[in-house]
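Below: the structure, in structure tokens.
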Amino acid sequence: MTLRVLRAADRTAVPWKNGGGVTREIAASPEGAPLDAFDWRVSLADVSADGPFSSFPGVDRTLTVVEGAGMDLMVGGEHHIVDEQYWPHDFPGDLETDGRLLGGPVVNLNVMYRRERTTAEVAVVRGTLRLSAPQGGTVLAVALEDGAVLDGRDIELDRYDAVVADSASPGVLRTQGWALLVTLSAG
């Protein structure tokens, strides 16, 4: 079993080419894969300006606003108002997408996965939850607020810290606030 703790303080901010924000990668598979070769990728994005999203052919995305008023996304010519914190919103990453801030900067948690190789389920949870990775898959939990604990392992998670595991049951997550749970399976 592999269990890793990924601390928010250890992430490097990478500026976007369009200058509209920065991204901090939480985890990806394969680890260290470039943007054109990952099976899946989870990251936090600080969005400070309106603008286009990068296109990711063959990739599906789930965007969850974790700070700020939200965004008006134009995805393939359709409006998607994403204005509720902690509500995952799915859309194809290969459609032309443009984002407009609804009330100032936001922080989004992004899950991206290649639809031919991977499936992803994203949920925002609170309370006590047994983490469970599917056979041959991965489970990743990100604390959205301070006060999460992985029972039996003495692992405390502060805001935006994460745990990732590829075992069937890496433990029980207890949160005092909200956490984002991503379950990834081979497609």
What is the ratio of the Cα radius of gyration of segment 118-186 to 2.2 N^0.38 Å, where N is its residue count, to two decimals?
1.00
Residue span K17 to D158: 0.36 nm per residue of separation minus Cα-Cα distance leaves a gain in nm of 47.8 nm
What residues of segment 1-15 lie in the reach of a label at V125, counting those whose backbone N is under 18 Å from a point 7 Å from the Cα along Cα→Cβ?
2-6
Once you have a ≥ b ≥ c as the square roots of the Cα gyration tensor eigenvalues for the chain, tell me rounded if a/c is under 1.5, and otherwise prolate or oblate according to whether a/b is larger than b/c.
prolate
Please give, to one decimal in nm, the separation of the simple spin-label points placed at D10 and A69, each 7 Å out from Cα toward the Cβ.
3.7
Taking the alpha carbon gyration tensor of segment 43-135, what are the square roots of 5 times its eigenvalues, largest first, to the nearest whole Å?
23, 18, 10
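Readers should treat all values here as calculations from the given coordinates under stated rules, not as data from a laboratory. The structure displayed is predicted, hence computed values, not measured ones. Every residue, glycine among them, receives a Cβ derived from its backbone with ideal geometry; neighbour counts consider all protein chains shown.
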